[in-house]
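Heads up: the structure comes next, in structure tokens.
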Amino acid sequence: MAKYRANGKFLLSGEYLVLQGARALALPLNLGQSLEVTTIDDENGMIHWDAYTPKGFWFASIFSKHDFTVHASDDMEKADNLSRIFKAIKSLNPNILQDKKDYFFTTRLEFDSEWGLGSSSTLISLLSQWAEVDPYELLKMTMGGSGYDIACATASQPIIYHLENGSPVVEKADFHPAFADKLYFVYQGHKQSSGKEVKSFKERAQKYDYSSECSEISEISEKLINATSFNDFCALLTRHEELMSRCLGQQPLKSQYPDFQGVIKSLGAWGGDFFLAATELPEKEVIGYFKGKGLKTVLKYNEIVL
């Protein structure tokens, strides 16, 4: 049996503009996804796929080992997606699955599949590890995106990520804020489609020049790493939100929580998934405030970031 693991992620700075070359600060998480691959001597030419989440069984699929045609599944959308990924992998490494054995793949997600912490990026990373192919190339051929989440999947600490002539550049970031106990990740209750958001932003970027915003966002990313005071850190988050609000033509998320005593910053695609809440309020008051808004999932920075 072969075993693999990949980390989930948060994008603390540089959302959207990372696609334009901005330097982004990304956080690998201690929640991720694992993959186990086993073979049996049956010669039916089949791949069996079973997927689990913390809630239990998620979905199953059976498809051809030769042309990746789906033979059976309880979720055809997910099965078709897997089929496309395997076809891309086969084109990158024609030597895989050449034996006569049947294969069993088992994935175990360590977080709720609706949370948007990287169920897709960890999958790409896991299958790339197994097939020994370039995960960034596989990402390009399948789901698209900047690739920061692929970098986080195998990172052991926060990173600065940017694209240089379309190629990923990953640098370790010495980001261990002394005020981490004042930082919380809050789930908004619905998952945002990263693919749709990326497509929408790329269309918008064809009409606007974001070079000055990219430059300032890159500067903010570096300053966030070096911020020693909580107030300075919060000021940088607020400025980041102002810049992205202007770029996207959307109101900052804080406008939805005007009475919150602290700073709120969107993470990743605006309008969904998690956001960062930075506050000096006691933990019980933070949890109570968001619970009163119907937001029950509040994660502490120190409990989830590597």
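All of the numbers you see were taken from the coordinates with simple rules; none came from a lab. This is a predicted model, so every value here is computed, not measured. Here the Cβ is made from the backbone with ideal geometry for all residues, glycine too, and neighbour counts use every protein chain on show.
Quick notes
- Reachable aspartates and glutamates, given that their alpha-carbon falls under 14 Å from the alpha-carbon of Lys101 and they are not under 8 places away in the same chain: Asp41, Asp42, Glu43
- Here the residues Lys182, Lys101, ranked from fewest to most Cβ neighbours within 10 Å of their Cβ, fall in the order Lys101, Lys182.
- Least to most buried among Asp99, Asp273 (fewest other Cβ within 10 Å first): Asp99, Asp273
- Rg(Cα) / (2.2 N^0.38 Å) computed for the chain, rounded to two decimals: 1.05
- Spin-label pair Lys101/Asn30, simplified geometry with 7 Å Cα→Cβ offset, distance in nm: 3.4
- Placing a pseudo-label 7 Å from each Cα along the Cα-to-Cβ vector at Thr297 and Asn226 gives an inter-label distance of 3.6 nm.
- Within a straight-line Cα-Cα reach of under 15 Å, Lys87 can be paired with the following aspartates and glutamates, leaving aside sequence neighbours fewer than 8 residues apart in one chain: Asp67, Glu132, Asp134, Glu137.
- Taken along the Cα-to-beta-carbon direction at a fixed 7 Å, the label points for Asp74 and Asp42 span 1.7 nm.
- Within the chain, antiparallel bridges make up roughly 90 percent of the DSSP beta bridges whose residues both belong there.
- Cα-based reach from Lys9 at 13 Å (exclusive), listing aspartates and glutamates while leaving out same-chain residues under 8 positions away: Glu110, Asp149, Asp273
- Cross-link pairs exceeding 30 Å between alpha carbons, from the set Lys182/Lys293; Lys3/Lys172; Lys3/Lys254; Lys3/Lys265: Lys3/Lys254; Lys3/Lys265.
- Secondary-structure-derived ellipticity at 222 nm for the chain, considering helices only, amounts to -10500 deg cm²/dmol, per-run term -39500 (n - 2.57) for DSSP H runs with n ≥ 4.
- Amide H to amide H, with H built 1.01 Å from N, Gly8 comes under 5 Å of Leu29, Leu31, Gly32, Gln33, counting only residues 5 or more places away or on other chains.
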